[in-house]
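The values are calculated or read from the model by the stated rules, or taken from the named source; none is laboratory data. This one's a predicted model, so the numbers in the text were calculated from it and none came from an experiment. Cβ sites come from the backbone with ideal geometry, for glycine too, and all protein chains shown count toward neighbours.
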């Protein structure tokens, strides 16, 4: 049953990621906004799920939402590709800005949301 939850969640997360790519398509040549937003959104969702105790209280929902949906939505491989493409095009400062913002934003969002919703 766990594999089915991961499968369904991953499909939904991947579809949302695809739509986000289409939404930000016009700005993709300037900055990889879709990947940045997808990774920050996935970090936000998984942080909230973790903070409210979903991992320990409902394993199937955790598999569906955190492992599947957030796994399908977040895109470290695309982040890596876009970073290298920016470097190869000579946009080194933009590439480093993107990498630092992506990592810092995801960590900050996770930290902030997980502490905001953490049960005592």
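Residues of the stretch 60-81 that are under 13 Å from residue 21 (Cβ atoms), surrounded by fewer than 19 Cβ atoms within 10 Å (Cβ to Cβ) and in contact with a helix residue (DSSP H, G or I) (Cβ under 7 Å, 6 or more places away or on another chain): 78 alone. Within the stretch 47-85, can you find the residues that are modelled with pLDDT under 90, under 26 Å from residue 97 (Cβ atoms) and not in a helix (DSSP H, G or I)? If the condition is that a residue be modelled with pLDDT under 90, under 26 Å from residue 97 (Cβ atoms) and not in a helix (DSSP H, G or I), then 75 is the only one that fits. Scanning the stretch 1-31 for residues that are surrounded by 12 or more Cβ atoms within 10 Å (Cβ to Cβ) and outside any helix (DSSP H, G or I) yields 24, 28, 31. Just one residue in the set 43, 51, 34 is crowded, with 20+ Cβ neighbours inside 10 Å and either within 19 Å of residue 114 (Cβ to Cβ) or in contact with a strand residue (DSSP E or B) (Cβ under 6 Å, 6 or more places away or on another chain) (or both); that residue is 43.
Of the numbered criteria (1) farther than 14 Å from residue 79 by Cα; (2) touching a residue at least 24 places away in the same chain (Cβ under 8 Å), the one residue 49 fails is (2). May I ask you to list the residues in the stretch 87-120 that are without any contact (Cβ under 8 Å) to a residue 24 or more places away in the chain and either under 19 Å from the mean Cα position of the chain (by Cα) or surrounded by 14 or more Cβ atoms within 10 Å (Cβ to Cβ) (or both)? Within the stretch 87-120, 87, 91, 95, 96, 97, 99, 100, 103, 104, 108 meet the criteria.
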